[in-house]
1. Could you state the angle between the C-alpha long axis of helix 2-16 and the longest principal axis of the C-alpha atoms of the chain, as a value from 0 to 90 degrees rounded to the nearest 10?
2. Report the FRET efficiency, 1/(1 + (r/R0)^6), for SER264 and ILE186, where r is their Cβ-Cβ distance and R0 is 25 Å, rounded to 0.05.
3. When a footprinting reagent is the concern and you count Cβ atoms within 10 Å, what order do ARG144, ARG137 take, fewest first?
4. Mind ranking 100-110, 149-159 by how tightly packed they are, going by the mean number of other C-beta atoms within 10 angstrom, highest first?
5. Can you give the calculated 222 nm mean residue ellipticity of the chain, where each DSSP H run of n ≥ 4 adds -39,500 (n - 2.57) and the sum is split over every residue, rounded to the nearest 500 deg cm²/dmol?
6. Where the only charges are on Cβ atoms (+1 Lys, Arg; -1 Asp, Glu), what is the dipole of the range 20-305 about its Cα centre, to the nearest 20 debye?
7. Along the charge dipole of the chain, pointing to its positive end and built from +1/-1 on Cβ of Lys, Arg, Asp and Glu, which listed residue (LEU280, THR27, ALA216) has its Cα farthest out?
8. Tally Lys/Arg at +1 and Asp/Glu at -1 over every other residue whose Cβ is under 14 Å from the Cβ of GLU202; what's the total?
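Where a number appears in this text, it was derived from the coordinates with a stated rule and is not lab data. Only a predicted model underlies this, so the values are computations on that prediction, with no experimental measurement involved. Reconstructed Cβ throughout: ideal geometry from the backbone, glycine too, with neighbour counts over all protein chains shown.
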Amino acid sequence: MKNQWAVLALLCSLAFAPAVAAAPGETVIEVPGNADFLAIDGKTVWATNRGRVERWSKAGKLAEVLLDGACGAMTISNGALWVADCKAKTVNRIDIRANRIVAVIPTGLACSDGEMNLVSGSGSIWVASDRSGVIARIDPATNRVTASIKVEPGTCYLAFGEGALWAVSAQSQTIQKIDPKSNSAILTTKLGKSPGFLAVGEGGVWVQEQGDGTVARIDPASGAVTGRVKVGETLQWGDIDTGGGKVWLRTTAGQSFVVLDPKSLAILARVGKPVGSGALRYTPGGIWTSAHDVHTLSWWEYPAAIGK
């Protein structure tokens with residue numbers, strides 16, 4: 001009888017478990033649809049999906065908000081999730097307590113294929129709004145565009161850090177440093193082939209040079225390229241983040257993600273199996289990754305131990 005109850009308990013736990021361990025330190029969560037871009041909300045994560053955004057924890061889905069054209073990397077600021085709608089070409093403000101859209105801002109989008117992102121910094125929300133080379137600055141107090149900043153044509157990718165907005169154009173193969181006080185570009189640096197997503201932290205600005213398979217390190221003060229690391233043949237469609245003294249690079253081929261030393265530019269680890277395209281976000285407790293080709297999210301525990 002004890003054995004029968006033990007078997008029954010095991011079967012029940014498997015039936016209702018939202019995730020299964022797939023590798024040391026990895027917990028895989030099945031996510032129907034096309035979970036892609038991520039934004040950290042405390043111990044939980046928001047993900048774009050087909051026709052919606054969803055909030056997840058390791059225990060399962062906590063909330064969803066319908067948004068027909070939800071796309072691109074998101075940001076959390078002022079008690080809200082800010083996410084683009086690639087169909088309507090708007091920026092949407094979602095109250096993360098009420099789980100509902102509270103403002104729709106008609107900004108236009110420079111890259112409505114979804115390969116773009118919103119960022120927050122200097123009391124504002126920023127989005128590339130026109131492919132001719134314009135960034136819209138949104139005031140969260142009014143939900144209105146307060147400035148339109150001229151940048152290089154084809155600018156889609158943004159990051160905020162070191163007191164500045166950083167803007168990458170794959171078309172022009174450049175990164176620009178934007179002064180939030182003057183709303184103007186003050187530095188322009190030439191990059192490698194097909195630069196894409198970027199992150200600021202750990203002493204540098206880090207840019208995926210997707211066509212070259214490299215990550216470039218930019219000095220935040222001078223804007224100069226101070227080093228490069230070759231990761232693979234290409235770095236198409238991945239993602240990048242910083243934290244815990246490391247640079248975290250979501251890859252498409254070869255592995256799930258790569259860990260870089262920001263000082264030596266050494267590759268410290270290649271982690272997981274190749275699972276196609278997706279996103280990555282660092283937290284001190286773990287790394288969140290998405291893999292929309294296989295319909296999963298993954299939580300990787302103990303990031304401090306990865307790459308040691």
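1. 20
2. Values: r = 29 Å, r/R0 = 1.18.
It comes to 0.25.
3. Values: ARG144 12, ARG137 22.
Least crowded to most crowded, the residues run ARG144, ARG137.
4. Details: 100-110: 17.7, 149-159: 22.7.
Output ranking for 100-110, 149-159: 149-159, 100-110.
5. Details: 1 runs with 15 residues, N = 308.
When only DSSP H runs of four or more count, the value is -1500 deg cm²/dmol.
6. Working: 28 positive and 26 negative charges, 55 e Å.
That gives the range 20-305 a dipole magnitude of about 260 debye.
7. THR27
8. Numbers: positive: ARG217, LYS246, LYS263; negative: GLU162, ASP219, ASP241, ASP261.
The answer is -1.
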